[in-house]
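The values are calculated or read from the model by the stated rules, or taken from the named source; none is laboratory data. All of these numbers come straight from a predicted model, not from anything done at the bench. Positions of Cβ are backbone-derived with ideal geometry, glycine not excepted, and every protein chain shown enters the neighbour counts. Heads up: the accessible areas ignore ligands, DNA and RNA and are worked out on the full protein's heavy atoms, side chains in. Shrake-Rupley method; radii C 1.70, N 1.55, O 1.52, S 1.80 Å.
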Amino acid sequence: MNSQNKITVVINTYNAERHLQQVLDSVKGFDEILVCDMESTDNTLEIARRNGCRIITFPKGKHSIVEPAREYAIHEARHEWVLVVDADELVSQQLKDYLYSEIAKPDCPEGIAIPRKNYFMGRFLHSAYPDYVLRFFRRDKTHWPPVIHCSPVIEGRVVRIPQNRKELAFEHLANDSVSDILRKSDTYSDYELLRRRHKNYGIGALFLRPTFRFVKSYFIKRGFLDGKAGLIHALLDAVYQFAIVAKLMEGRTKKK
């Protein structure tokens, strides 16, 4: 195989022992498996070593988000093409074959966004699909900003895998509980304050933004097909939006 047609899989980890073996089993056959660990204290590193992964360390220090470690890891990859996989995501054989076939083409784009299947209360969520994530790209054409939940910035053409190609989607193993989602909503809404600090939301936003998010999740994205799981998830989406607006208002009040 041409050296330029090789792929490094990058997996960022921190105490990721729960699903890591399944994830590593799913990425066997790629040219390099690079685990970038943020000083795990569980069996993450033991599992990575047992599977023959190349391991590098990104000191956790004051970093509460993974994005700086992603930027570090992708530029430590030995191959031109990088596939970033979370430590709770599975890669299908069909996706692997698809990516290798794409990079063999002379007109391959510099980045490919991959759909992801998400689950809640044991059910596949229609409302959370295709949930595109930009995780495949040329290493030297990519920069990952240090902002939570941001996408990498890619110099060049980016395409999406068609959403009807579900066999090419990541399988997201995380099946968060209501408590998990509420806890993450509290944390992530704090980060959103930095992004939206210039927004001047009024009282109406307390009603309109959560309502729009509920309608989008439950009706537009067909969450109603998911039964009670879809209803609860749509309401949790609304709560997240409410928390962002309420915290912004609270912050403005404290400054007065």
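Here are the numbers for the structure shown:
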| item | result |
| --- | --- |
| Residue match in region 243-255 (condition: in contact (Cβ under 8 Å) with a residue 60 or more places away in the chain and surrounded by fewer than 18 Cβ atoms within 10 Å (Cβ to Cβ)) | no |
| Hey, I56 buried (at least 19 other Cβ atoms within 10 Å of the Cβ) and hydrophobic (A, V, I, L, M, F, W, C) or not | no |
| Hits in region 37-51 - residues which are open to solvent by 30 Å² or more (accessible area, probe 1.4 Å) and over 22 Å from F136 (Cβ atoms) | E39, T41, D42, N43, L45, E46, R49, R50 |
| Output for region 212-242, where each listed residue is of a type in the set (A, V, I, L, M, F, W, C) and open to solvent by 80 Å² or more (accessible area, probe 1.4 Å) | F212, F219, I220, F224, L235, F242 |
| Residue in region 78-98 that is closer than 23 Å to S189 by Cβ, in contact (Cβ under 8 Å) with a residue 40 or more places away in the chain, under 17 Å from the mean Cα position of the chain (by Cα) and not in a strand (DSSP E or B) present | yes |
| Residue in region 17-36 that is of a type in the set (D, E), in contact (Cβ under 8 Å) with a residue 60 or more places away in the chain and crowded, with 16+ Cβ neighbours inside 10 Å present | no |
| Given (1) in contact with a helix residue (DSSP H, G or I) (Cβ under 9 Å, 6 or more places away or on another chain); (2) part of a loop (DSSP other than H, G, I, E, B), number of the condition A48 does not satisfy | (2) |
| All positions within region 185-194 that are touching a helix residue (DSSP H, G or I) at 6+ places or on another chain (Cβ under 9 Å) and not acidic (D, E) | S185, Y188, S189, L193 |
| For A69: the one exception among (1) over 25 Å from A48 (Cα atoms); (2) without any contact (Cβ under 8 Å) to a residue 60 or more places away in the chain; (3) of a type in the set (G, A, S) | (1) |
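Matching residues to (1) open to solvent by 60 Å² or more (accessible area, probe 1.4 Å); (2) under 23 Å from Y100 (Cα atoms); (3) assigned to a helix (DSSP H, G or I):
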| residue | (1), (2), (3) |
| --- | --- |
| A113 | no, yes, no |
| F137 | no, yes, no |
| C150 | no, no, no |
| Q163 | yes, yes, no |
| D176 | no, no, no |
| L182 | yes, no, yes |
| S189 | no, no, yes |
| K199 | yes, no, no |
| L208 | yes, no, yes |
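Residue-by-condition table, conditions (1) within 12 Å of I11 (Cα to Cα); (2) in contact with a Ser or Thr (Cβ under 9 Å, 6 or more places away or on another chain):
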position	(1), (2)
C36	yes, yes
S40	no, yes
W81	no, yes
V85	yes, yes
D88	yes, no
